[in-house]
Structures are given as structure tokens and as C-alpha cells.
């Protein structure tokens with residue numbers, strides 16, 4: 001990339017960062033005001049003013065149901081929605097043989113629709129075999145389990161990604177069967193990447209289908225339905241544009257080869273899928289896309305999906321990749337020597353800057369991951385996520401949970417002990433962050449790792465929900481139970497924004513030291 005192109009990309013990134021709605025806004029907390037510093041992009045993205053402004057100026061004034069095709073509003077809205085579909089197809093190199101289907105509820109809705117379209121229960125020939133990758137999200141596990149079809153999991157290679165030798169052996173043993181492989185392009189837990197083209201080519205050499213979950217990877221990685229590499233085409237991909245910068249509210253997307261679908265009936269019948277309906281009979285449309293988008297679609301969400309893909313392309317995948325590599329290297333170097341901070345996953349594997357970790361207190365005991373998440377939010381305003389990130393099987397691997405321990409955990413959880421749920425803290429560093437914000441997050445994690453044991457005593461927990469709150473209710477501003485959805489006419493009012501995170505961090509560290517000192521004095525007295 002030319003230096004001028006790099007400079008332009010940085011300028012655009014700076015502009016978009018300044019348009020992130022809510023970024024660094026000051027919110028009250030139990031330890032005083034703190035900025036909202038968002039590090040949970042792996043779960044959901046953040047709204048951006050230019051996309052919201054486009055929706056307000058170009059979509060909403062003439063918004064109408066896209067099934068109303070003869071009016072100005074319906075026609076224009078339909079054009080915008082199809083323009084979004086075209087944008088997604090172009091970005092993902094989808095051709096005429098591919099169908100781009102909006103699925104409303106993200107990648108979860110897309111994978112469920114895909115499984116229905118594959119019509120696994122054909123009743124002819126040997127039972128199909130489903131191959132899943134080593135670090136799948138529940139949405140790429142549970143729907144397959146519910147089919148009742150045999151499932152085998154490909155183990156993780158020592159260098160990260162699916163073990164290609166193990167995959168080859170499974171494919172050879174399954175010769176003569178219908179084999180369907182569904183793998184994550186990137187782990188939503190550790191960020192580890194899969195060589196999608198190499199795996200696709202191997203699968204196709206054995207006659208297997210290659211389906212790809214890009215939910216965690218799509219905001220950062222290229223998606224190529226039809227690459228030039230021989231045999232590396234994708235039979236289907238599915239992803240969640242709501243995870244992109246600017247993505248909240250965007251619909252899920254499923255792209256698949258039309259030839260995979262043999263069933264003439266929609267997976268979900270409804271309005272807009274038929275050519276004719278009488279009191280006695282009905283006929284469905286031939287077009288796959290129309291047949292699979294029953295009812296009034298999530299119109300604005302569909303358009304938004306196209307817009308965030310366009311925004312990602314404007315920033316540039318090369319720019320994103322360079323920044324991602326820099327951020328991952330930076331965080332690993334900063335955290336690798338922090339006492340009490342346990343980073344999970346293969347640090348040597350090629351990966352996105354998505355991190356999961358656990359923290360031990362001074363006694364060597366793990367501080368509950370939900371409490372650490374609360375500490376990061378309460379003390380510094382850093383928004384992370386606690387839990388297993390909807391990747392239970394991968395959690396068993398990362399946390400070395402034995403079959404016996406798993407059975408015990410299940411019993412405790414089903415008995416209502418939510419605290420027993422295993423997990424970690426997950427956060428990611430986004431390319432949209434500037435260095436000041438990255439340093440703030442890195443320093444906040446280091447500080448909490450060093451002081452979690454001191455903070456534990458200030459919190460209480462409800463074991464039925466595993467939610468921690470500050471013990472002193474008098475300094476905890478509870479979220480109001482009522483009135484959150486009231487409209488006052490002053491909804492555009494903005495909060496104060498923190499412009500100097502470095503000073504904010506230093507001030508908070510000093511104030512917390514005073515809290516700890518007061519605690520020591522109280523105990524001595």
C-alpha cells in the first residue's frame with residue numbers, strides 16, 4: 001500500500017472514531033465517574049454517526065414495506081435494500097451461482113436456515129457426517145446436534161486452527177458418505193484464525209461441503225466465496241454484521257451456493273414467498289432468495305448490513321490487518337509478565353486481537369470472572385465480557401475440565417448455582433481505537449490483575465445470577481427500574497466526554513490507593 005493510501009486510511013479511521021456514539025462518555029460509578037471505554041466488539045459493534053445519519057436522511061424519509069412495490073416509498077426502500085445485497089455480494093465475491101440471504105437475527109438465524117435448506121433427512125444412502133472445528137460457537141454446534149446426525153470434532157493443531165492431518169483421516173474414513181464441515185474462520189474466544197482456503201480445498205478434494213462461520217472474523221477478514229485458489233470455493237458463509245463498527249441493528253447474512261438447495265418449499269413459509277394462494281392450494285416462488293425471506297424483513301437492518309460492509313471496505317482490509325497485528329503484539333508483550341494474569345489460548349498462533357484471561361488474587365485463588373468484569377467496568381469503565389463466550393466445548397479444552405468435573409459442574413449449575421459456570425474475561429482491541437484508548441485498556445487490565453484481591457471485599461454476589469454489585473448501596477447508582485423508555489423530546493442531549501484517558505487513569509489509581517489505605521486504617525482501628 002502506498003504511503004498516501006495509508007495516510008488516507010488513518011484519516012478515515014480517525015474520523016469514524018470521532019463519530020462513535022457514546023465513546024468515552026462519562027458515567028457515574030461506585031468509585032466515581034468513569035469513561036465508557038468499549039472493548040466488547042467481539043459481541044457487538046458500536047453505532048457510528050455517519051451510518052445513523054444516512055439512515056435518518058436517506059432511508060427513513062421514504063421508508064415503507066418492501067412488499068409495497070408500486071409506490072414511491074416502497075419502491076425506493078426496495079432499491080436501497082437490494083443495493084445493500086449487491087454491496088455484500090460484491091465485497092464477498094459472490095457470483096450468480098451464489099444467493100445472498102438476509103436472516104434478521106445474525107449468524108445464529110443464518111446457520112439454522114442453512115441447516116434447514118440442506119435437508120439432511122433425505123432418507124437415501126448412508127447417514128451424513130457433520131465435521132465441526134475445534135473452537136466453535138454454540139450457534140455452530142447446537143443446531144447441528146439437534147439434527148440427530150453424527151458429529152465429529154476436528155481437534156486444534158499445535159500451531160492453531162484445525163489439525164489438517166486429523167481432518168484428512170476423518171475424511172478418508174467417511175468415504176462414500178455425505179460429509180458437511182462447518183468451521184469458524186476465527187475463534188470468538190481466542191481470536192485464532194483458520195486457513196479457510198486450505199481447509200476448503202482439502203474438504204472439496206474429498207467431496208465434502210465447506211461451510212464457514214465468519215461471525216467473529218467478518219469485521220476484520222476478507223470473505224471470498226470464489227477465490228482463484230483451486231478448490232477453495234466456499235459452499236456457504238454466514239456472519240453477523242451487527243458486530244462491525246457501525247453495526248448495531250444490522251441483519252445477519254447467509255451466502256450459499258444455490259445448487260445446495262433442492263427443496264422447493266421455504267424453510268419458513270410466510271408472506272412474500274408465494275406466486276398464488278387459493279382457499280385450497282398454494283404455489284411458492286421459484287427464486288431462492290424471495291422464498292427464504294418470508295414476511296416483512298428487517299428492512300433497516302438489511303440496509304445497515306450493506307452500509308457497514310461498505311464502511312469496512314472504505315477503511316481497507318490491509319489497514320485493519322496491520323493494526324490488528326500491532327494491537328495483538330502490543331497487548332501480549334504488556335500482559336505476559338503480569339503476575340496473577342493468566343492468558344488462555346495459543347499465543348503463537350495467528351490470531352485477531354481477541355483475548356481471554358483469568359486473574360488470581362494474592363492467595364493464588366481465581367477471582368470470579370464476572371467479578372473481574374465488574375471491576376474493569378466499575379473502576380475504569382472498560383466494557384468487557386465474563387463467561388465462556390458461548391463456547392462451552394472450547395472452554396472445556398482451554399480450562400482443562402475433565403469429564404468428571406464437567407458432570408459435577410453441570411449438576412451444580414442445574415441446581416441453580418450460577419457461580420459454578422466456568423469462564424474467563426474476554427475483551428478485544430479494535431482497529432478503531434487510538435493508542436491512548438489501547439494503553440488505557442492495557443493498563444486497566446494490569447491494574448485490576450494487581451489489585452483484584454484488594455477489591456474483592458467491596459463486592460457481594462447473588463449466586464443465582466452470578467452478578468456482583470458493590471456492597472455499599474449508598475454509593476452505587478442503581479439502574480432505574482422504570483422510565484428507561486420514556487420520551488422527553490430531549491433525546492439528543494450528550495454526556496460529557498473524557499478527552500484525556502491517561503490523566504483519568506492516573507487520577508483513578510490515586511483515588512483507589514486512598515480507598516485501600518482507608519480500608520487498612522479501618523481494620524487497624
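Quick notes
- Selection from the range 132-162 of residues that are part of a loop (DSSP other than H, G, I, E, B) and within 14 Å of residue 346 (Cα to Cα): 134, 135, 155, 157, 158, 159, 160, 161
- Residue 94 surrounded by 22 or more Cβ atoms within 10 Å (Cβ to Cβ), touching a strand residue (DSSP E or B) at 6+ places or on another chain (Cβ under 9 Å) and either outside the structural domain of residue 234 (by TED's automatic domain parsing) or touching a residue at least 24 places away in the same chain (Cβ under 8 Å) (or both): yes
- Subset of the range 408-443 (residues that are in contact (Cβ under 8 Å) with a residue 60 or more places away in the chain and either over 25 Å from the mean Cα position of the chain (by Cα) or closer than 20 Å to residue 365 by Cα (or both)): 424, 425, 426
- So residue 250, is it in a loop (DSSP other than H, G, I, E, B) and in contact with a strand residue (DSSP E or B) (Cβ under 6 Å, 6 or more places away or on another chain): no
- Search result, residues across the range 100-114 that are in a helix (DSSP H, G or I) and within 23 Å of residue 226 (Cβ to Cβ): 107, 110, 111, 113, 114
- Residue match in the range 384-399 (condition: over 15 Å from residue 369 (Cβ atoms) and not in a helix (DSSP H, G or I)): no
- Failed item, numbered, when residue 200 is tested on (1) within 18 Å of the chain's Cα centre (by Cα); (2) more than 27 Å from residue 430 (Cα to Cα); (3) crowded, with 22+ Cβ neighbours inside 10 Å: (1)
- Number of the condition not met by residue 305 [criteria: (1) more than 24 Å from residue 162 (Cα to Cα); (2) in a strand (DSSP E or B); (3) touching a residue at least 40 places away in the same chain (Cβ under 8 Å)]: (2)
- Candidates are the residues of the range 253-274 that are in a strand (DSSP E or B) and modelled with pLDDT of 95 or more; the one that is nearest to residue 92 (Cα to Cα) is 255.
The values are calculated or read from the model by the stated rules, or taken from the named source; none is laboratory data. The shown structure was predicted, so the numbers you read here are calculated from the model rather than taken from an experiment. Positions of Cβ are backbone-derived with ideal geometry, glycine not excepted, and every protein chain shown enters the neighbour counts.
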